[in-house]
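*Asks:* Starting off with a structure, shown below.
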Amino acid sequence: LTILAFIRIGQPLGGRSDSDSRADETGMTLQFRRTVAADVEACFYIRERTRENPVSREVLAGMGITVESVTRGLTSGELQSWVCTSNSRIMGFCSGDSRTGEVLVLAVASEAESNGVGKRLLEEIVRELRANGQGRPWLAASADPAHRSHGFYRSQGWKPTGKVDAVGDEILILDVES
């Protein structure tokens, strides 16, 4: 089961590196870097509190997604993940499966929306997945146009495949050119 949270798209963010920072239009300094084990607890906190599609720890645990399993995935390299921080606080994260090319989750705190955080995190995970040999990353997202994720992913170049997963989310792919 794939769980995705959606953010609104903001201004384009410049170059990429393993870690960088910039100030958004509100003066909030945003830093982007790879996720480390010490970040995982805060990522769960964000995931439970997204404005659209929050998922509780209990539901995640029922799916086998726990702080321990995520930490193991990061350590083994099976899970690629980036975070955005502001003043040492996690504002969002995005993770993908190196083995399958699936973008597993994109979650951004409501106060960081509309600043390009989700777009940048998604770009970083796509870059990581491609670097690991996954030329066509994919994800599952709501097929309902009323959900913000529906338009967001399409605006980023993701295309529907015509397939749906077990919960009715539509499978989207990102072509090599995107």
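The values are calculated or read from the model by the stated rules, or taken from the named source; none is laboratory data. For clarity, every value in this text was computed on a predicted model and none was experimentally measured. Virtual Cβ from ideal backbone geometry, glycine too; neighbours counted across all protein chains shown. Please note that ligands, DNA and RNA were not included when accessible areas were found on the heavy atoms of the full protein model with its side chains. Shrake-Rupley method; radii C 1.70, N 1.55, O 1.52, S 1.80 Å.
*Asks:* Where in region 28-101 are there helices (runs of 4 or more DSSP H), lying wholly inside it, with at least 1 residues that are in contact with a strand residue (DSSP E or B) (Cβ under 7 Å, 6 or more places away or on another chain) and open to solvent by less than 50 Å² (accessible area, probe 1.4 Å)?
*Replies:* Of the helices (runs of 4 or more DSSP H) lying wholly inside region 28-101, those with at least 1 residues that are in contact with a strand residue (DSSP E or B) (Cβ under 7 Å, 6 or more places away or on another chain) and open to solvent by less than 50 Å² (accessible area, probe 1.4 Å) span 40-48, 67-76.
*Asks:* If I filter region 36-83 down to residues being hydroxyl-bearing (Ser, Thr, Tyr) and within 15 Å of the chain's Cα centre (by Cα), which single residue comes out as nearest to residue 130 (Cα to Cα)? Even if it seems obvious, please write down each step before you answer.
*Replies:* Taking region 36-83 as the starting set, the residues that turn out to be hydroxyl-bearing (Ser, Thr, Tyr) are 45, 50, 56, 66, 69, 71, 75-76, 81.
Then drop every residue that is not within 15 Å of the chain's Cα centre (by Cα), which leaves 45, 50, 81.
On the way: 45: 28, 50: 27, 81: 13 Å.
Among residues in region 36-83 that are hydroxyl-bearing (Ser, Thr, Tyr) and within 15 Å of the chain's Cα centre (by Cα), the one nearest to residue 130 (Cα to Cα) is 81.
*Asks:* So which pairs qualify, if the first residue must be in region 58-71 and touching a residue at least 24 places away in the same chain (Cβ under 8 Å) and more than 16 Å from residue 93 (Cβ to Cβ), the second must be open to solvent by 50 Å² or more (accessible area, probe 1.4 Å) and not aromatic (Phe, Trp, Tyr), the Cβ gap must be under 6 Å, and the two must be at least 6 apart or on different chains?
*Replies:* 63/1
*Asks:* Could you list, in sequence order, all residues of region 167-177 that are without any contact (Cβ under 8 Å) to a residue 40 or more places away in the chain and touching a strand residue (DSSP E or B) at 6+ places or on another chain (Cβ under 9 Å)?
*Replies:* 170, 171, 172, 173, 175, listed by residue number.
*Asks:* A further question on this structure: Pick from region 133-154 the residues that are open to solvent by less than 30 Å² (accessible area, probe 1.4 Å) and of a type in the set (Gly, Ala, Ser): which of them is farthest from the chain's Cα centre (by Cα)?
*Replies:* Restricting to residues being open to solvent by less than 30 Å² (accessible area, probe 1.4 Å) and of a type in the set (Gly, Ala, Ser), the top hit is 142.
*Asks:* Also, quick follow-up: Say whether the condition of being of a type in the set (S, T, N, Q) and at pLDDT 95 or above is met by at least one residue in region 34-50. Steps first, please.
*Replies:* Taking region 34-50 and keeping what is of a type in the set (S, T, N, Q), we get 35, 50.
Now restrict to residues that are at pLDDT 95 or above: 35.
Within region 34-50, one or more residues are of a type in the set (S, T, N, Q) and at pLDDT 95 or above.
*Asks:* Could you please give the count of residues in region 155-166 that are under 15 Å from the mean Cα position of the chain (by Cα) and either in contact (Cβ under 8 Å) with a residue 60 or more places away in the chain or open to solvent by 70 Å² or more (accessible area, probe 1.4 Å) (or both)?
*Replies:* 1
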